[in-house]
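Derivation of every value follows stated rules applied to the coordinates shown; laboratory data play no part. A quick note: this is a predicted structure, and the numbers were derived from the prediction, not measured. When we count neighbours, we look across all protein chains shown, and the Cβ atoms used for this are built from the backbone with ideal geometry, even at glycine.
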Amino acid sequence: MNIKNKNAIILHGTADKPTDFWFPSLKKDLEAKGYEVWLPELPNAKFPNRKDWLPFILENGKFTEKTVIIGHSAGAQIILSLLEKIEVKIKQAIMVSGYAKALRREESSEKNVDDYDWEAIKPKCEKFVFINSDNDPWTCDDTQGRIMFDKLGGMQIILHEGHMGSNYYNQPYKEFPLISKLID
């Protein structure tokens with residue numbers, strides 16, 4: 001495998017930014033493993049929705065058979081929408097505190113989706129990993145992870161770590177070495 005072609009995309013969640021939580025630490029770890037890493041500041045992060053995030057990521061991201069995508073919270077959920085749209089099969093998707101069913105949905109919000117085309121998503125990724133907590137204060141919990149695991153297979157990891165990064169709940173979560181260990 002040509003090490004220079006490995007790339008990773010790290011997607012933050014609602015009201016977050018690339019400098020928050022474990023994102024910079026993971027970027028550094030992946031770069032040390034030879035990955036080209038894109039850790040963008042997603043548009044309109046305070047009020048994210050698919051109509052802003054999906055085109056931005058599709059236009060600026062690089063998707064190959066050596067791509068790894070890691071997302072946290074709403075950043076994890078957008079991975080599902082990305083996989084519905086891209087044509088290539090990526091190497092790995094790691095969804096941290098992700099969710100499959102709409103959380104607190106507002107009438108005008110496209111952020112939350114009630115259902116996905118699971119049959120379109122499944123063949124677009126070689127390895128799925130779902131990391132959720134059994135005590136997530138935002139309800140992005142192990143039940144949500146189980147829905148995705150049941151639909152897509154892969155690996156489900158259940159922790160007791162809250163949201164694994166939250167400014168609102170004062171969870172700084174500056175490092176997350178487990179994620180780096182899950183990536184070749």
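Some observations on this one:
- With contacts taken as Cα pairs under 8 Å at a separation of at least 6 residues, the chain carries a relative contact order of 21 percent.
- Estimated purely from DSSP H runs of n ≥ 4, each contributing -39500 (n - 2.57), the mean residue ellipticity at 222 nm for the chain is -8500 deg cm²/dmol once divided by its residues.
- Cα gyration tensor category, rounded, prolate or oblate, for segment 135-184 with a/c compared to 1.5: oblate
- Fewest-first sequence of Met148, Met164 by Cβ atoms within 10 Å of each Cβ: Met164, Met148
- Taking other C-beta atoms within 10 Å as the exposure proxy, Val129, Val37, Val88 rank Val88, Val37, Val129 from fewest upward.
- Here's how it looks for Glu36: its modeled amide H is under 5 Å from those of Lys6, Asn7, Ala8, which are all 5 or more places away or on a different chain.
- Structural size metrics of segment 41-83, computed from C-alpha coordinates, are Rg and Dmax of 10.1, 31 Å.
- For the chain, the extents of the C-alpha atoms along the principal axes are 44, 34, 30 Å, listed from largest to smallest.
- Largest-first principal axis extents of the Cα set of segment 1-79 (Å): 39, 24, 16
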